[in-house]
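Everything below concerns the one structure shown next.
The values are calculated or read from the model by the stated rules, or taken from the named source; none is laboratory data. Nothing here was measured: the structure is a model prediction, and the numbers come from that model. Glycine gets a Cβ as well: all are built from the backbone with ideal geometry, and neighbour counts include every protein chain shown. When the accessible area is computed, the model is the full protein with side chains, heavy atoms only, and any ligands, DNA or RNA have been set aside. Shrake-Rupley method; radii C 1.70, N 1.55, O 1.52, S 1.80 Å.
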Amino acid sequence: LIGQVALSQSAEEIIQRAEDLLKGKSCKGSFVMRVVTPDYTREMRMDSWWIGNEKALIIVRTPKKEAGNKTLKIKNEMWSYLKNTETTIKIPPSMMLQSWNGSDFTNDDLVRESNLVKDYSQRIVAVEVTAGEKCWKIELTPRPEAPVVWGKLIYWVRQKDGLSARVEYLDERGKLMRTMEFSEYQRMGGRMLPARWTMINNAKPGHQTEFSMLNVSFDIEISDRIFSFQELEKGN
């Protein structure tokens, strides 16, 4: 069965399509990020603009204390704008593995965001049922010299619609460090999407970060001005 599936669709094609379905060539959206720990839960509402994996701007809207804080990404570089102090900080390489906005995502997640096909070799290893759906189970191994932090990824893609179902992130010793689970599939922005993304921190039990999409539009015109320092420091 795996051989037949692989003949009609390569692991690389399956991963590329799953990633494209999540992102589109460009997108604009609003979402709620909920950070859950054993001690507290906190929520932030944000707006974001993306052009592929090349450029992104994310603006915090609530809570009031953090409203107006922004993240700008251009290719492999990233800047943070802090509204209270009106300062812009370039994130140095040494801070790439630090938490982004107190979540279970790192700065590196945003910067390297999905160069999966370029940075990893893919191989279909099984067909498995995950969350009630038959999925391709694909193993992603870093290519030599790829600038990645993971030793291996295991990626489940739903056969019925090609959407991402789950991703496991393993360190270089093969230890499971975190798990991304996709759920609440629904039509948004003219396409089927998982409206909730949950990053479970396997290294820190009880810690997870949930993204719930409020609205999203795909393949729209986004002015390059959005991704400028002028926009970053505008203070809106």
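Each row is one residue, and each column tells you yes or no for (1) open to solvent by 60 Å² or more (accessible area, probe 1.4 Å); (2) at pLDDT below 90; (3) closer than 27 Å to GLU12 by Cα; (4) in contact with a strand residue (DSSP E or B) (Cβ under 6 Å, 6 or more places away or on another chain).
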{"residue": "VAL60", "(1), (2), (3), (4)": "no, no, no, yes"}
{"residue": "LYS64", "(1), (2), (3), (4)": "yes, no, no, no"}
{"residue": "ASN69", "(1), (2), (3), (4)": "no, no, no, yes"}
{"residue": "ILE74", "(1), (2), (3), (4)": "no, no, yes, yes"}
{"residue": "MET78", "(1), (2), (3), (4)": "no, no, no, no"}
{"residue": "LEU82", "(1), (2), (3), (4)": "yes, no, no, no"}
{"residue": "PRO93", "(1), (2), (3), (4)": "yes, yes, no, no"}
{"residue": "MET96", "(1), (2), (3), (4)": "no, yes, yes, no"}
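Please count how many residues of the range 111-125 are open to solvent by 20 Å² or more (accessible area, probe 1.4 Å) and either under 15 Å from the mean Cα position of the chain (by Cα) or of a type in the set (D, E, K, R) (or both).
Final tally of qualifying residues: 8.
Within the group LYS65, LYS152, LYS137, which residue is without any contact (Cβ under 8 Å) to a residue 24 or more places away in the chain and touching a Pro at 6+ places or on another chain (Cβ under 8 Å)?
Sole residue among the options that is without any contact (Cβ under 8 Å) to a residue 24 or more places away in the chain and touching a Pro at 6+ places or on another chain (Cβ under 8 Å): LYS152.
Which ones in the range 149-164 are in contact with a Lys or Arg (Cβ under 7 Å, 6 or more places away or on another chain) and among the β-branched types (Val, Ile, Thr)?
Residue satisfying the conditions is ILE154 alone.
Among the residues of the range 14-58, how many are at pLDDT 95 or above and open to solvent by 50 Å² or more (accessible area, probe 1.4 Å)?
Total satisfying the criteria: 9.
Condition check ((1) touching a strand residue (DSSP E or B) at 6+ places or on another chain (Cβ under 8 Å); (2) farther than 22 Å from ASN76 by Cα) across all residues:
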site: ARG191; (1), (2): yes, yes
site: GLN208; (1), (2): yes, yes
site: VAL216; (1), (2): yes, yes
site: PHE227; (1), (2): yes, no
site: GLN230; (1), (2): no, no
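For THR87, which of the numbered conditions (1) open to solvent by 20 Å² or more (accessible area, probe 1.4 Å); (2) within 24 Å of GLU231 (Cα to Cα); (3) in contact with a helix residue (DSSP H, G or I) (Cβ under 9 Å, 6 or more places away or on another chain); (4) of a type in the set (Ser, Thr, Tyr) fails to hold?
Unmet condition: (3).
Looking at the range 24-31, can you tell me whether even one residue there is more than 21 Å from MET188 (Cβ to Cβ) and in contact (Cβ under 8 Å) with a residue 12 or more places away in the chain?
There is no residue in the range 24-31 that is more than 21 Å from MET188 (Cβ to Cβ) and in contact (Cβ under 8 Å) with a residue 12 or more places away in the chain.
Of the conditions (1) farther than 24 Å from GLU210 by Cβ; (2) in contact with a helix residue (DSSP H, G or I) (Cβ under 7 Å, 6 or more places away or on another chain); (3) in a strand (DSSP E or B), SER121 fails just one. Which one is it?
It fails just one condition, (2).
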